[in-house]
1. Of these, 24, 93, which one is within 22 Å of residue 157 (Cα to Cα) and not basic (Lys, Arg)?
2. Could you check the stretch 24-46 and list, in sequence order, the residues that are among the hydrophobic types (A, V, I, L, M, F, W, C) and part of a strand (DSSP E or B)?
3. It is to be established whether one or more residues within the stretch 33-42 are farther than 24 Å from residue 146 by Cβ, surrounded by 17 or more Cβ atoms within 10 Å (Cβ to Cβ) and modelled with pLDDT of 95 or more.
4. Can you list the strands (runs of 3 or more DSSP E) found entirely within the stretch 47-147 that contain at least 2 residues being touching a residue at least 24 places away in the same chain (Cβ under 8 Å) and open to solvent by 70 Å² or more (accessible area, probe 1.4 Å)?
5. Being of a type outside the set (Val, Ile, Thr) and closer than 17 Å to residue 143 by Cβ is the filter here, so list the residues in the stretch 65-97 that pass it.
Amino acid sequence: MQKEIFCIDPALNNPEMGSYELLCKLSKLPMSYHLPALEGVGSLQTRQRKVSIAAVIILGSYASVHDYYIWQEEFRLWLEAQIYKFIPCLGICYAHQLIAKIFAGEVSYLNKDKSKYKGVRKTFVVKGSPLYGFVYDGMLAYSHSECVSKCPLGMRPLLFSK
């Protein structure tokens, strides 16, 4: 069965097609694109019956893990199943918060008024992490109002920003 990377975009309004296209150019494996917030998890389930999932990349979203949209619960259940099959998962922004919640971590608002922080920040790879020496330290654009305030038991950050 063909191996494929599932790129999941939990966009509420504006899909991140540019990010997907860049990932496709960088990937050595074929990729498929899924929009669970706009189309439900059906495309994930259908594609999964046709290919073997090599990895899952989940992009950011304007949704919050504190929202309780129907699609979020369906997607969480699908993602948990992949995690427990030991399929590698990369969660960016919203998705890393969702993964933290799946493993009983805590996600908190940065401000009482839930306002967003926006800008560019210097990021660093933690020495000793599997990414060290592979990913370089650099600038990263950000826009968020929440953070993982308590890492799940047994997990540790691989990257951080100041």
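The values are calculated or read from the model by the stated rules, or taken from the named source; none is laboratory data. Fair warning: this is a prediction, and the values are worked out from it, not measured in the lab. Please note: Cβ atoms are built from the backbone with ideal geometry, for glycine as well, and neighbour counts cover all protein chains shown. Note: areas computed on protein heavy atoms with side chains; ligands, DNA, RNA excluded. Shrake-Rupley method; radii C 1.70, N 1.55, O 1.52, S 1.80 Å.
1. Checking each option against the conditions leaves just 93.
2. The answer is 31, and nothing else.
3. There is at least one residue in the stretch 33-42 that is farther than 24 Å from residue 146 by Cβ, surrounded by 17 or more Cβ atoms within 10 Å (Cβ to Cβ) and modelled with pLDDT of 95 or more.
4. So the answer is 106-109, 117-125.
5. So the first thing to find is which residues in the stretch 65-97 are of a type outside the set (Val, Ile, Thr), and the list is 66-69, 71-82, 84-86, 88-91, 93-97.
Listed by number, the residues that qualify are 66, 67, 91, 93, 94, 95, 96, 97.
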